[in-house]
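Engineer: Provided herewith is a single structure, encoded as structure tokens, for subsequent inquiry.
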Amino acid sequence: MAAKKMSLKEQVYTKIFNDLVVERFPPDEFLTEKQFIELYGVSKAPVREALIELCNEGILRSIPRLGYQIIPVTQKDITNSTELRLLIEMNAFRKMSESFNEEMLEKIRTLNKNWMEDVITGNIDVQKRWMHNTLFHTTMCSFGGNDLAVDVIAKLIKLEWRAYAHMLSTPEKQDKFFNNSEKKYHIEIEHALMERNFEKAEQLLHDDIATIGKELFL
């Protein structure tokens, strides 16, 4: 099945969000609709719609007559996100363990295989690494059968992604961070699930989520 084509507003939203994440704009700079219209070569409507959505998500705030300002991610935000992720993802895991099957295992195996292939071939960057991480956790959560929970987890990981891109600015820090997450945990979770050792897999998942929260503000 072909991927759904993004609307112009969605494309503009993605461009703005990615530029915010990589700190293309100084955090104390006021951003304007005109600035994005000229930067991306699009009309006013999709830019305004994208900025409204970013404000609704708490990523930007609108300042009358000045423009838009970036809302920083704080250590408390990450602490709260980690706590909520643990509640949701661990509950989803326990539900999954009651009906775990080979189809679920194959999905996890495929995700890890794709990740390792990208690493080996060098087809990887900061954003793609985080996309792999997001897909792994949302897939695991989906096995619990609660679509709303999956949506919440995706939003929380998106919040962490903003903090991650800010705090881990060098390749060395990125490698250390991901060595502790994907390589150490995701593969080991797969192996534990292959053995149907749900207690071990649950502990690994818990440690993976908790580690991300701790390392973002080392």
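The values are calculated or read from the model by the stated rules, or taken from the named source; none is laboratory data. Being a predicted model, the structure only gives us computed values, none of them experimental. When we count neighbours, we look across all protein chains shown, and the Cβ atoms used for this are built from the backbone with ideal geometry, even at glycine.
Engineer: Residues being modelled with pLDDT of 60 or more, hydroxyl-bearing (Ser, Thr, Tyr) and either closer than 30 Å to ILE70 by Cβ or not assigned by the TED database to the domain that holds ILE120 (or both): count how many of those fall in region 159-218.
Structural biologist: The total comes to 2.
Engineer: While we're here: Mind listing whichever residues of region 11-36 are surrounded by fewer than 17 Cβ atoms within 10 Å (Cβ to Cβ) and more than 21 Å from GLU160 (Cβ to Cβ)?
Structural biologist: GLN11, PRO26, ASP28, GLU29, PHE30, THR32, GLU33, LYS34, GLN35
Engineer: Here is a follow-up. Checking the structure you have, find out if any residue of region 143-153 is in a loop (DSSP other than H, G, I, E, B), assigned by the TED database to the domain that holds ALA210, buried (at least 17 other Cβ atoms within 10 Å of the Cβ) and not acidic (Asp, Glu). Outline the logic, then answer.
Structural biologist: Within region 143-153, the first condition is being in a loop (DSSP other than H, G, I, E, B), and the residues that meet it are 143-146.
Remaining after also requiring assigned by the TED database to the domain that holds ALA210: 143-146.
Okay, now just the ones that are also buried (at least 17 other Cβ atoms within 10 Å of the Cβ), so 143-144.
When the remaining residues are screened for being not acidic (Asp, Glu), the result is 143-144.
There is at least one residue in region 143-153 that is in a loop (DSSP other than H, G, I, E, B), assigned by the TED database to the domain that holds ALA210, buried (at least 17 other Cβ atoms within 10 Å of the Cβ) and not acidic (Asp, Glu).
Engineer: For residues that are outside any helix (DSSP H, G or I), modelled with pLDDT of 95 or more and among the polar types (S, T, N, Q), scanning just region 74-118, find the one that is nearest to ALA192 (Cα to Cα).
Structural biologist: Let us first name the residues in region 74-118 that are outside any helix (DSSP H, G or I), namely 74, 98-101.
From what is left, the residues that are modelled with pLDDT of 95 or more are 98-101.
The next check asks that each one be among the polar types (S, T, N, Q); those that pass are 99, 101.
Working: SER99: 16, ASN101: 13 Å.
Once the filter is applied, the top-ranked residue is ASN101.
Engineer: Which count do you get for residues in region 105-118 that are within 18 Å of the chain's Cα centre (by Cα) and among the hydrophobic types (A, V, I, L, M, F, W, C)?
Structural biologist: Here the count works out to 3.
Engineer: Also, quick follow-up: Which of the residues belonging to region 44-82 are surrounded by fewer than 14 Cβ atoms within 10 Å (Cβ to Cβ) and of a type outside the set (A, V, I, L, M)?
Structural biologist: Pass one, region 44-82, residues surrounded by fewer than 14 Cβ atoms within 10 Å (Cβ to Cβ): 44-45, 56, 58, 61-66, 72, 74-76.
Matches in region 44-82: LYS44, ASN56, GLY58, ARG61, SER62, PRO64, ARG65, PRO72, THR74, GLN75, LYS76.
Engineer: Now a separate question. Kindly check whether there is at least one residue in region 34-42 that is within 18 Å of the chain's Cα centre (by Cα), of a type in the set (Asp, Glu) and outside any loop (DSSP other than H, G, I, E, B). Explain how you work it out, then say what you get.
Structural biologist: Of region 34-42, the ones within 18 Å of the chain's Cα centre (by Cα) are none.
So far as region 34-42 goes, no, none of its residues is within 18 Å of the chain's Cα centre (by Cα), of a type in the set (Asp, Glu) and outside any loop (DSSP other than H, G, I, E, B).
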